[in-house]
Amino acid sequence: KGLKGREHQRAPQIPSQFSPGERFAMKEALKGAIRIPTVSFSPENLNVTALAEFGEYLRTVFPTVFKTSFIQHEVIGEYSHLFTVRGSDPSLQPYMLMAHSDVVPTPEEGWEVPPFSGLERDGFIHGQGTLDNKNSLMAILQALELLLNRNYIPRRSFFIALGHDEEVSGHNGAQKISALLQTRGVKLAFIVDEGNFILDGFVSYLKKPFAMIAVSEKGLINLRLQVNMTPGHSSAPPKETSIGVLAAAVSRLEQTPMPNMFVSGPTKMTLQELAHEFPFPANIILSNLWLFGPLVSRFMERSYITNTLVRTTMALTMFNAGVKVNVIPPVAQAIINMRIHPAQTVQEVLDLVKNIVADSRVQFHVLNAFDPLPVSPSDHQALGYQLLRQTIQSIFPEVSTVVPGICIGNTDSRHYANLTTGIYRFNPLYLRPQSFRSIHGINEKISVQAYETQVKFIFEFIQNADADQEPAPHRHEL
Ligand SMILES: CCCCCCCC/C=C\CCCCCCCC(=O)N[C@@H](Cc1ccccc1)C(=O)O
Ligand SMILES: [Zn+2]
Ligand SMILES: [Zn+2]
């Protein structure tokens with residue numbers, strides 16, 4: 001299955017076996033990366049000292065990448081990095097590997113070890129960025145460094161794009177790299193970015209892990225709701241205050257979920273392709289969604305994680321009001337973070353929200369918004385998807401099922417939709433519910449073995465991407 005069996009024509013030439021010295025160096029390199037606190041607080045407030053240090057650090061741990069003649073390195077937007085790796089065969093369309101160097105702010109409290117210590121304990125490297133997303137950044141460069149040290153020369157050209165502000169929009173990193181590549185006339189065969197994982201323990205009844213490659217990602221609206229009222233003495237209050245009106249509005253929103261879009265979205269495809277992994281009778285039910293669609297869509301709503309796959313979600317993330325204990329509050333504001341299901345648009349969701357609130361005293365202000373990303377192909381001709389599938393089967397032979405799905409968060413890859421129709425969001429790592437909660441939470445960690453496997457995965461993936469493909473219509477100059 002996939003790419004008409006062509007993967008068998010060109011297995012990786014260089015085996016993904018690393019010496020004890022290389023294995024030690026790769027984990028130490030990741031620890032060093034975790035120790036640099038590259039925190040993004042807001043688009044205007046990044047730890048630029050740490051970002052600059054991080055750029056210098058990359059040069060010290062990956063010297064071969066930086067000195068190889070067929071690799072061009074450019075710094076974009078001051079702290080993002082673009083590597084152009086020129087392959088020997090310009091008839092093959094280039095692809096791109098992505099990751100980001102910034103991390104979200106985290107409290108110091110609650111961690112088993114300090115978040116920027118990069119400590120190794122019980123076989124795990126601990127710290128902010130070990131899963132999101134310094135692991136990918138370091139693994140990409142590490143795999144390339146190891147390939148170059150084995151005199152590897154790629155056939156297919158590729159780019160490595162490492163953003164520095166993904167956690168706060170990607171406007172100065174990914175967006176600028178994308179604009180630069182567009183001016184150079186680059187068109188990409190596909191992109192691989194962070195996103196979904198090999199999921200283990202997320203779906204009841206499903207005992208075996210499965211790999212979910214995200215072929216789309218949800219859209220986003222950050223919406224501010226505001227109520228203004230005349231202030232006055234609290235001893236003679238009006239019947240309603242700005243706080244009460246706003247609280248009632250957001251409560252109505254929380255009590256009225258957005259419609260279940262299961263029948264119209266890519267999740268139907270996910271479950272159809274997963275059906276055979278379920279025990280009877282779930283396998284029959286999932287194989288006949290034309291009949292059981294409504295039943296399954298209701299079942300998906302029951303867990304807060306699977307619920308994210310079937311509808312636009314709303315999270316009330318900020319609420320501010322009041323100036324003094326004895327003053328009627330003049331303004332109340334709330335921010336709602338919405339993740340738009342691929343079958344809806346920003347405008348449709350805004351119309352629904354206004355209808356649910358149905359109170360003319362509540363003003364709406366869209367802080368930022370974008371529609372869901374188009375669904376990338378996952379058929380047998382989809383090069384990026386099939387290369388991922390092939391490499392998953394080689395590196396994780398115990399994972400029998402690879403399915404397309406949606407990414408519930410947003411990634412920098414959305415800034416590259418102008419360069420390719422094939423955007424795949426996948427981390428070659430196992431994810432269990434507990435580690436899912438550590439992403440943007442506390443106690444983020446990666447096992448040394450999982451990180452080594454991630455390096456191995458990319459080491460093989462880069463070689464698999466050199467395989468012969470359909471003749472390209474024209475030459476691709478970088
Ligand atoms: C039947 C299948 C069950 C599947 C369960 C799904 C489990 C979810 C698995 C992985 C999800 C990982 C989420 C990936 C997150 C993407 C990165 C991220 O956090 N982005 C931020 C950054 C951002 C983006 C845009 C604007 C502001 C910030 C985000 O989305 O908030
Ligand atoms: Zn991330
Ligand atoms: Zn993140």
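Observations on the structure shown:
- Degrees separating the helix 383-395 axis from the principal Cα axis of the chain, which is the longest one: 70
- Label-to-label distance for Phe24 and Ser234 is 6.4 nm, based on points extended 7 Å past Cα in the beta-carbon direction.
- Size of charge dipole - the chain - debye, nearest 20, with Cβ of Lys, Arg +1 and Asp, Glu -1, no other charges: 660
- Of Lys187/Lys208; Lys268/Lys456; Lys176/Lys218; Lys208/Lys268; Lys134/Lys187, pairs whose Cα-Cα distance is over 30 Å: Lys187/Lys208; Lys268/Lys456
- When the solvent-accessible area of the chain is split by element, carbon and sulfur atoms take up 55 percent of it, the probe being 1.4 Å.
- Beta bridges by DSSP in the chain, antiparallel share as percent, to the nearest 5: 70
- Diffusion constant of region 216-370 at 25 °C, which comes from Stokes-Einstein with the Kirkwood Cα-pair radius and 0.890 mPa s, µm²/s: 139
- 5 angstrom amide H check on Gly322, placed H, neighbours 5+ away: Val331
- Among 327-336, 184-193, sorting by the average number of other beta carbon atoms lying within 10 angstrom of each residue, highest first, gives 184-193, 327-336.
- Spin-label pair Gln434/Phe280, simplified geometry with 7 Å Cα→Cβ offset, distance in nm: 3.5
- Cα→Cβ-extended label distance, 7 Å offset, between Tyr152 and Thr60, nm: 2.6
- Over the chain: helical MRE at 222 nm, DSSP H runs n ≥ 4 each giving -39500 (n - 2.57), nearest 500: -10000 deg cm²/dmol
- Projecting the Cα atoms of Ala52, Pro94, Gly21 onto the charge dipole of region 1-143 (Cβ charges, centred on the Cα centre) puts Pro94 farthest toward the positive pole.
- Degrees separating the helix 448-464 axis from the principal Cα axis of the chain, which is the longest one: 60
- Charges were assigned to the Cβ only: +1 to each Lys and Arg, -1 to each Asp and Glu. The resulting dipole of region 216-370 about its Cα centre is roughly 340 debye.
- For region 144-201: rounded, prolate or oblate by the Cα gyration tensor [a/c cutoff 1.5]: oblate
- A dipole drawn for the chain from +1 and -1 charges on Cβ atoms has a positive end, and of His365, Asn326, Ile140 the residue lying farthest that way is His365.
- Region 216-370, accessible area per residue, ligands and nucleic acids excluded (1.4 Å, Å²): 51
- Shape of region 101-172, Cα gyration tensor, a/c cut at 1.5: oblate
- Placing unit charges on the Cβ atoms only, positive for Lys and Arg and negative for Asp and Glu, gives region 28-79 a dipole magnitude near 240 debye about its Cα centre.
- The convex hull defined by the C-alpha atoms of the chain has an orientation-averaged projected area of 24.9 nm².
- Per-residue packing, averaged as other Cβ atoms within 10 Å, sorts the ranges 349-360, 156-167 into the order 156-167, 349-360, beginning with the highest.
- By average C-beta atoms within 10 angstrom, highest first, the peptides 287-293, 340-346, 303-309, 84-90: 340-346, 84-90, 303-309, 287-293
The values are calculated or read from the model by the stated rules, or taken from the named source; none is laboratory data. Source: prediction; values computed, not measured. Neighbour counts run over all protein chains shown; Cβ positions are idealised from the backbone, glycine included. The accessibility values were calculated without ligands, DNA or RNA, using every heavy atom of the protein model including side chains. Shrake-Rupley method; radii C 1.70, N 1.55, O 1.52, S 1.80 Å.
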